[in-house]
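Input: a single structure, listed below in structure tokens.
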Amino acid sequence: MAVAQAPAAPMGGGYPVQLTLTDEREINRLWGIPFVGVFVRMILAIPHMIVLGIMSIGLYIWLLLGWIPILLLGRQPSLVVKFLTEYLHRAFRVAGYAIMLLPGGYPPLEPGAPTPVDLKIDVEGRSLSRLWGIPFVGLFVRYIVLIPHLIVLMILGIVVYISFIVLWIPILLMGKYPNAFASFYTGVFRYGARVAAYLFLLPVPYPPFSFS
């Protein structure tokens, strides 16, 4: 197994949600065995899925009560920002490892450690309109305005699914993860993370229709 390298510097011209992938491209050819590689990685990712399941309880509590600090203070508490960032970070790195066979080694369980998929959300000093804190209405309105992005993500999901049909070939034959696939998947993840951050009422601008 390849050892994870430090993620590359964020790109994207200042948008507060950035996601990058390790520069590592070497990968054990055995991961390219059709269906078997993904199945084994999903088994290995079970501890991460358990952690995500536990964190989902906190996410559910936030969905019920998260409007209170927004309505009263016009911001998200730093603890909430850290929790939501960690939840998204872990979800994307597990999906990258288990489903997309991304290179860089097994992602660490502990928060804050260097990972093959690195997500950063910088909302320091950013505030929210208190109107977003109106119970359920704020979330509902953000969901409605995100419908164009959700349609794009649905289409991208189909493209990603189709790409799995051929992904195993270069891995199995060359022991390398194709740059084109890595770039595309990183872009999709980055795009999805921005949409999720906006939907979760983090103080970020409306996400652009861009992978970068």
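The values are calculated or read from the model by the stated rules, or taken from the named source; none is laboratory data. Please read these numbers as outputs of a predicted model, since none were measured by experiment. Cβ sites come from the backbone with ideal geometry, for glycine too, and all protein chains shown count toward neighbours.
List the number of the failed condition for Arg194; all other conditions in (1) within 30 Å of Leu79 (Cβ to Cβ); (2) touching a Lys or Arg at 6+ places or on another chain (Cβ under 6 Å) hold.
Arg194 satisfies every listed condition except (2).
Does Gly175 fit the bill of being farther than 30 Å from Leu63 by Cβ, surrounded by 16 or more Cβ atoms within 10 Å (Cβ to Cβ), over 13 Å from the mean Cα position of the chain (by Cα) and modelled with pLDDT of 90 or more?
yes
Every residue, every condition in (1) closer than 19 Å to Leu21 by Cβ; (2) surrounded by fewer than 17 Cβ atoms within 10 Å (Cβ to Cβ); (3) without any contact (Cβ under 8 Å) to a residue 60 or more places away in the chain; (4) out of contact with any helix residue (DSSP H, G or I) (no Cβ under 7 Å at 6 or more places or on another chain), yes or no:
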site: Ile57; (1), (2), (3), (4): no, yes, yes, yes
site: Leu79; (1), (2), (3), (4): no, yes, yes, yes
site: Leu88; (1), (2), (3), (4): yes, no, no, no
site: Val94; (1), (2), (3), (4): yes, no, yes, no
site: Met100; (1), (2), (3), (4): yes, no, no, no
site: Gly104; (1), (2), (3), (4): yes, no, no, yes
site: Pro116; (1), (2), (3), (4): yes, no, no, no
site: Gly125; (1), (2), (3), (4): no, yes, yes, yes
site: Ser129; (1), (2), (3), (4): no, yes, yes, yes
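Between a first residue in segment 16-32 that is touching a residue at least 40 places away in the same chain (Cβ under 8 Å) and a second residue that is part of a strand (DSSP E or B) and among the basic types (Lys, Arg), which pairs have beta carbons less than 9 Å apart while being 6 or more apart in sequence or on different chains?
Close Cβ pairs (under 9 Å, with a partner that is part of a strand (DSSP E or B) and among the basic types (Lys, Arg)) amount to Pro16/Lys120; Val17/Lys120; Gln18/Lys120; Leu19/Lys120; Thr20/Lys120; Arg25/Lys176; Glu26/Lys176; Ile27/Lys176.
Across segment 1-13, which residue is modelled with the highest pLDDT among those that are loosely packed, with under 13 Cβ neighbours inside 10 Å and more than 18 Å from the chain's Cα centre (by Cα)?
For segment 1-13, the residue satisfying everything is Gly13.
Every residue in segment 179-202 that is in a loop (DSSP other than H, G, I, E, B) and either touching a Phe, Trp or Tyr at 6+ places or on another chain (Cβ under 9 Å) or without any contact (Cβ under 8 Å) to a residue 24 or more places away in the chain (or both), please.
Across segment 179-202, the qualifying residues are Phe200, Leu201.
I want to confirm something. Restricting to segment 10-44 and keeping residues that are touching a Phe, Trp or Tyr at 6+ places or on another chain (Cβ under 6 Å) and not in a helix (DSSP H, G or I), which single residue is nearest to Val166 (Cα to Cα)?
Going through the qualifying residues, I end up with Pro34.
Looking only at segment 134-152, decide whether some residue is assigned to a helix (DSSP H, G or I) and touching a Gly at 6+ places or on another chain (Cβ under 7 Å).
No, that holds for no residue.
Do we have Arg75 as in contact with a Ser or Thr (Cβ under 6 Å, 6 or more places away or on another chain), of a type outside the set (Val, Ile, Thr) and part of a helix (DSSP H, G or I) here?
Spelling it out, it is not the case that Arg75 is in contact with a Ser or Thr (Cβ under 6 Å, 6 or more places away or on another chain), of a type outside the set (Val, Ile, Thr) and part of a helix (DSSP H, G or I).
Can you confirm whether Arg75 is farther than 30 Å from Leu172 by Cβ, over 15 Å from the mean Cα position of the chain (by Cα) and touching a residue at least 60 places away in the same chain (Cβ under 8 Å)?
For Arg75, the condition - farther than 30 Å from Leu172 by Cβ, over 15 Å from the mean Cα position of the chain (by Cα) and touching a residue at least 60 places away in the same chain (Cβ under 8 Å) - is met.
The conditions are (1) within 20 Å of the chain's Cα centre (by Cα); (2) modelled with pLDDT under 90, and Ala196 fails exactly one of them. Which is it?
Unmet condition: (2).
Output the number of residues of segment 26-48 satisfying the condition of being out of contact with any Gly (no Cβ under 9 Å at 6 or more places or on another chain) and either surrounded by 14 or more Cβ atoms within 10 Å (Cβ to Cβ) or of a type in the set (Gly, Ala, Ser) (or both).
8
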